[in-house]
Amino acid sequence: MDALLEFLTRFVSQLQSPTLGFLLGGMIIAALGSRLEIPDAIYKFIVFMLLMKVGLKGGMKIREAELSEMLLPAIFALAMGMLIVFIGRYTLAMLPNVKTEDGIATAGLFGAVSGSTLAAALAVLESENIAYEAWSVALYPFMDIPALVTAIVLASLYLNKKRGNGGESVKIWPIVKESLQGSALSALLLGIALGLITQPAPVYDSFFEPLFRGLLSVLMLVMGMEAWARLNELRKVAHWYAVYAFVAPLTHGLIAFGLGWIAHVTTGFSPGGVVVLAVIAGSSSDISGPPTLRAGIPSANPSAYVGSSTAVGTPVAIALGIPIYIGLAQALMGG
Amino acid sequence: MDALLEFLTRFVSQLQSPTLGFLLGGMIIAALGSRLEIPDAIYKFIVFMLLMKVGLKGGMKIREAELSEMLLPAIFALAMGMLIVFIGRYTLAMLPNVKTEDGIATAGLFGAVSGSTLAAALAVLESENIAYEAWSVALYPFMDIPALVTAIVLASLYLNKKRGNGGESVKIWPIVKESLQGSALSALLLGIALGLITQPAPVYDSFFEPLFRGLLSVLMLVMGMEAWARLNELRKVAHWYAVYAFVAPLTHGLIAFGLGWIAHVTTGFSPGGVVVLAVIAGSSSDISGPPTLRAGIPSANPSAYVGSSTAVGTPVAIALGIPIYIGLAQALMGG
Amino acid sequence: MDALLEFLTRFVSQLQSPTLGFLLGGMIIAALGSRLEIPDAIYKFIVFMLLMKVGLKGGMKIREAELSEMLLPAIFALAMGMLIVFIGRYTLAMLPNVKTEDGIATAGLFGAVSGSTLAAALAVLESENIAYEAWSVALYPFMDIPALVTAIVLASLYLNKKRGNGGESVKIWPIVKESLQGSALSALLLGIALGLITQPAPVYDSFFEPLFRGLLSVLMLVMGMEAWARLNELRKVAHWYAVYAFVAPLTHGLIAFGLGWIAHVTTGFSPGGVVVLAVIAGSSSDISGPPTLRAGIPSANPSAYVGSSTAVGTPVAIALGIPIYIGLAQALMGG
């Protein structure tokens, strides 16, 4: 009972954070027809800055880490990436008025990871002084790539079967490569590599770290405006997408939270690390995933999967997901 | 005599401020044909950053404010917005070689408010440690919207009469809505709302506040370059525009200063607040006003009103207006 | 022997700096096909910010400087600018498969100065606490403009002779003007002027200085990506360009280092100043030079000169040149 009360208290206090305020503010001014615009060049640069910051910090800390600790969370991340797509394949993609390949592509995007959502979660963890393994950000590709690969493979199997040519096989490596070359993963991995190999502390401390929260707040504003703009696209497709996009982030996040809790009990994975795992499972890709899916499942309708992710999935993952997982971690593990 | 001497001393010292240096520097390098260019995306983002900073601070402080204090200055702001347009209607718009609707549109733009000029004034007030009511920035829409509405209504009355169809009425609400949806007012009002409702102190203190002065200096540079570039457009229209654009900012600013001084004496409006009122009256809109006017008075020539405002009005409002009002406030009210 | 050992130790430690890490990182992710992109608007703004910072600091310090000290280094800079072009005219431009005007234009670009390379060198000098005359950044135009003028004059002489009309003379002033109006020199000179005349310390200390290292690291990333992208262009022209582009920066830098050392012995030019002179001689222009050359030697092939400078010259000047000159300065002059 106390745990529930504590969870609710903390959940409500999260709702007043500036991160969330900017996200909702963006949705509201877009809904009111504001002509405010954050130029695309700024948006791209902010995403780069945030992922570089997250990567550099991860890289600098991985040096000190016991890498064997990373094994179980990495396996869980990989399993979650595939599981999310299978869940979507056998729920959303089977529903009436949902084209099977559209449903699979949407599930793939929800299995893939959003760097912005991850950055928002890290900002909250840091402002709440909740420790997390810095290497946990490196779980990103372990979930992102398997999800996209699984979605493209499942869609190909389905489409081949429909067309009656079961023999054609799907090449995995081009999908992996395409994912790794995406702008978000490139920036994150480059940051990790530079953090690991060079001595970036001076630029990290004077530039990437101090600007992090502010840039994140601007990004949240853009994402809120974008979410509203995409709602129109979502209206054009079946209502099931909206239902899925609302339910899926929290379902995926809570399953991953459960797996993270197993790692917490067995190998001492920190409460903050459990939150990171839940957040990346609950997030859905807005930037890097769509081009890979467009290339891999060309017949799927981008309005369905991008609309679901940007208009509903990401706001739910940030506004509800992050405070829920943090509240749960504090209530269950005293994080 | 002492007051005059003190005023002159302070006025000259204002002329050496970096804000002004960047403004004049921009005009000079543009005049010398420099190919230096601050990309448009950066310019738009800087304007957003400055207005968000001003709004956030206003919003955070309004919580503590006695809102009844705001009443008289708000009424004065509204009156000034309308008065400025009437002054222009019966001076500039009656002059030879000035098309009546062009004159009215120009007066509308000079009644509307420039967020950049406001930001520049706040930077000077802060560097001089002159206190001002944080809610005074919220006077912006109280002057901006009535000015644009009055200009569009007066132009419609004139054009209807000329065309002999006096019956057609002008709809006010679309003009108000159009103004509120403009990028500058959107950013300012969103900032005020976020400052009021959320807890933005961490991002304000780590991001919006520290970057304020620097971004402002870059904005001044852009405005200087832009002013020079627009001089060519101004050359194409009657010389009266240049005369009006030089005289109007200071006239409007000084009238508003007088009204502010009444509020100072009667309700204790601070000297810094009087300066803010004078600055927003003396400023002319460069970003948000023009699209509203273009939609509301389509037959007016943008070269006339944008040229007047950007090439002469804004530099005069910043380079002469701000130091004059601050000097006066210090000499008269010991601000 | 000790000096050599000390030089090598310091040289290796320079290779671990974040500046270099970002440069190499940019080349590597571009080589791996990453779709990461820093928008052009951001790139242009970063270059502006760095040159404005360098200029402001130079301007603020020139006030305190004994300007007669500047005479000898300025003469050396001017001599180097012309000498570099003559060296290129009688080596690269005489080689087989090298079109004479292409070779001259390439030599002109290597004589011209790169603001980015200069900024990178200043960041290293500051992080190593090596003092340098702040006015030394003002040597930039003394080398840049003579190099471009000499290249265009030599190319015109050659082309006129080839066409058999030896009489046509080249106008020098338009070339000088074109150089001064370039974005890089404009920003640097405006910064120097503002530093000299206004009181920019508040914006310098709160904005330009703290962001310097971080923005530089992003710029290095862009330059690394750009260098890789330009390698393709370089492959289309004779291999001699690659050889020249590798050898020339270090040759020019070391000659200038020798001249700087003469100024050190005779007039007390600081070791840091000697490094600055060597760096600007070793650098080749990526931004401002090419348009001037395109206008001045229209028949020269930009793939040859831009490819040589961006793909090979600049990375060599930064990654090898800067640590070599600093190592030498410390070993020879105890800087």
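The values are calculated or read from the model by the stated rules, or taken from the named source; none is laboratory data. Remember, it's a predicted structure, so these values are computed and weren't measured experimentally. All Cβ positions, even for glycine, are placed from backbone atoms using ideal geometry, and neighbour counts span all protein chains on display.
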**Message:** I'd like to verify a number: residues in the stretch A:174-191 that are closer than 14 Å to C:I38 by Cα and not aliphatic (A, V, I, L, M), how many?
**Reply:** 3
**Asked** In the stretch C:4-16, is there at least one residue being within 14 Å of another protein chain (Cβ to nearest Cβ) and among the small types (G, A, S)?
**Response** yes
**Prompt:** Considering only residues of the stretch C:276-296 that are hydrophobic (A, V, I, L, M, F, W, C) and crowded, with 24+ Cβ neighbours inside 10 Å, which is farthest from C:L139 (Cα to Cα)?
**Reply:** C:L293
**Residue match in the stretch C:205-221 (condition: within 14 Å of chain A (Cβ to nearest Cβ), surrounded by 20 or more Cβ atoms within 10 Å (Cβ to Cβ) and hydroxyl-bearing (S, T, Y))** = yes
**Prompt:** With the stretch B:208-324 as the region, which helices (runs of 4 or more DSSP H) entirely inside it contain at least 2 residues that are touching a residue at least 24 places away in the same chain (Cβ under 8 Å) and in contact with a strand residue (DSSP E or B) (Cβ under 6 Å, 6 or more places away or on another chain)?
**Reply:** none
**Message:** Here are the criteria: (1) out of contact with any Pro (no Cβ under 8 Å at 6 or more places or on another chain); (2) surrounded by fewer than 22 Cβ atoms within 10 Å (Cβ to Cβ). Tell me which single one A:G195 does not satisfy.
**Reply:** (2)
**Request:** Kindly indicate which of A:M80, A:M94 is aliphatic (A, V, I, L, M), away from chain B (no Cβ under 14 Å) and without any contact (Cβ under 8 Å) to a residue 12 or more places away in the chain.
**Result:** A:M94
**Message:** Condition (residue is away from chain C (no Cβ under 14 Å) and either surrounded by fewer than 24 Cβ atoms within 10 Å (Cβ to Cβ) or of a type outside the set (S, T, N, Q) (or both)) applied to the stretch A:177-188: is it met by at least one residue?
**Reply:** no
**Asked** So B:E133 fits all but one of (1) closer than 22 Å to B:A278 by Cβ; (2) within 14 Å of chain C (Cβ to nearest Cβ); (3) not hydrophobic (A, V, I, L, M, F, W, C); what number is the exception?
**Response** (2)
**Asked** Is the stretch B:119-127 home to any residue that is modelled with pLDDT under 95, surrounded by fewer than 18 Cβ atoms within 10 Å (Cβ to Cβ), in contact with a helix residue (DSSP H, G or I) (Cβ under 7 Å, 6 or more places away or on another chain) and within 14 Å of another protein chain (Cβ to nearest Cβ)?
**Response** yes
**Asked** When you look at A:V98, is it among the hydrophobic types (A, V, I, L, M, F, W, C), within 22 Å of A:K57 (Cα to Cα) and either surrounded by 24 or more Cβ atoms within 10 Å (Cβ to Cβ) or more than 13 Å from the chain's Cα centre (by Cα) (or both), yes or no?
**Response** no
**Asked** Is it true that C:T198 is more than 30 Å from B:E128 (Cα to Cα), more than 14 Å from chain A (Cβ to nearest Cβ) and out of contact with any strand residue (DSSP E or B) (no Cβ under 7 Å at 6 or more places or on another chain)?
**Response** no
**Request:** Taking A:L71 as the residue in question, decide whether it is within 13 Å of chain B (Cβ to nearest Cβ), modelled with pLDDT under 95 and either over 29 Å from A:T150 (Cα atoms) or surrounded by fewer than 24 Cβ atoms within 10 Å (Cβ to Cβ) (or both).
**Result:** no
**Request:** Identify, from the list A:K57, A:K53, the residue that is at pLDDT 90 or above, surrounded by 22 or more Cβ atoms within 10 Å (Cβ to Cβ), within 14 Å of chain B (Cβ to nearest Cβ) and within 28 Å of A:G268 (Cα to Cα).
**Result:** A:K53
**Request:** Name every residue in the stretch C:23-46 that is hydrophobic (A, V, I, L, M, F, W, C), closer than 26 Å to B:A41 by Cα and either more than 7 Å from every other protein chain (Cβ to nearest Cβ) or in contact with a His (Cβ under 8 Å, 6 or more places away or on another chain) (or both), in order of residue number.
**Result:** C:L23, C:A30, C:I46
**Asked** Taking into account only those residues within the stretch C:286-308 that are within 14 Å of chain B (Cβ to nearest Cβ) and not basic (K, R), which is farthest from C:A319 (Cα to Cα)?
**Response** C:A295
**Prompt:** Here is a list of conditions, (1) surrounded by 20 or more Cβ atoms within 10 Å (Cβ to Cβ); (2) modelled with pLDDT under 95, and A:Y244 meets all of them except one; can you say which number that is?
**Reply:** (2)
**Complete:** Residues of the stretch B:52-76 being closer than 14 Å to B:L118 by Cα and in contact with a Phe, Trp or Tyr (Cβ under 8 Å, 6 or more places away or on another chain), in sequence order, are B:M52, B:K53, B:K57, B:G58
